[in-house]
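The values are calculated or read from the model by the stated rules, or taken from the named source; none is laboratory data. Only a predicted model underlies this, so the values are computations on that prediction, with no experimental measurement involved. Glycine gets a Cβ as well: all are built from the backbone with ideal geometry, and neighbour counts include every protein chain shown. To get the accessible areas, we keep the full protein, side chains included, count just its heavy atoms, and leave off ligands, DNA and RNA. Shrake-Rupley method; radii C 1.70, N 1.55, O 1.52, S 1.80 Å.
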Amino acid sequence: PVVFPPLMSPSPPTEAGPAQRYLYAITEAGALDNVSLDGIEDEPVLAVEADGLAVAASPLGRDDVRPRRRHLKAHHDTINALTEHGAALLPMSFGVVAESPTQLRRFLTRNQERLRQQIDRLRNRVEIECRVAWQVDDLFQYFVDRHETLREARDEYYQGGDREPSRAEKVHLGELFDECRAAERAEHQATVEEHLREVADAVEADECSDDEEVARLACLVHRDRVDDLEAAIYNAAKAFDEEFLFEYTDPTAPYTFANIEF
């Protein structure tokens, strides 16, 4: 997501309401016309526009917003609603606050060329995440059965359960396991990516979040080719046996591919 400078020298609230604005996304002027949305603290989401660009923002009577569940939900629901409405946008990271609409207009004017390029790149694009995981009862045993080097080390150190391995032996066994898993992850990820890149404009790999995860891939795809990407995921799954679980998300705003810092 877009990373914006932190709030600096907040302006005091006025009689008409707070000057601060909570930010959701950068888009084009007119994108919020005929759109009615409530964001953080049920405040209306409005457009702050300049030079043909706009920031979707809502009034905020404080300097920051804590990442509570209701705030996170309001943030992402707003961005997803704009995406479903068809707006070409750059989603903001959670918790970004600007000191005033004036600051936002200056920001849009100063960075308009760069912002237009990024918006054009993501126009009519959505993000879908594909996740692959091993679905086995005992992951270590699964790799022992598949890798001779790991199996020989396990048998030598445990001797059929007749001895307790030393700490150094356990560490070495763990390192062998990690090496085998990393090698398989790289091989499997490459196979899945090959299928996804036939449809996706771009594919970005994220770090695996748990031991059983094989791959976590974010795909940038034209909204008209979502069905094609789903078919590509199914085709990729056919290259794997029943020990692998494939999952994918619904289309969302292209958070991963709007990685811009100012």
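Applying the criteria of a DSSP loop state and at most 13 other Cβ atoms within 10 Å to the GluC sites (Glu not before Pro) of the range 159-198 yields Glu198.
A DSSP coil position with no more than 11 other Cβ atoms inside 10 Å describes the following trypsin sites (Lys or Arg not before Pro) in the range 33-114: Arg68. Dividing the summed -39500 (n - 2.57) terms of all DSSP H runs of n ≥ 4 by the residue count of the chain sets its mean residue ellipticity at 222 nm at -12000 deg cm²/dmol. Find the centroid of the Cα atoms in the range 105-157 and in the range 186-225, then give the distance between the two in whole Å. Between the Cα centres of the range 105-157 and the range 186-225 lies a distance of 6 Å.
The convex hull built on the alpha-carbon positions of the chain has an orientation-averaged projected area of 18.0 nm². Apolar share of the accessible surface for the range 161-236: 42 percent from carbon plus sulfur atoms, 1.4 Å probe. Picking from Leu173, Ala19, Tyr248, whose Cα lies most toward the positive end of the charge dipole for the chain (charges on Cβ: Lys, Arg +1; Asp, Glu -1)? Toward the positive end, the furthest listed residue is Ala19.
Note that the range 80-227 presents 54 Å² accessible area per residue, ligands and nucleic acids not counted, probe 1.4 Å.
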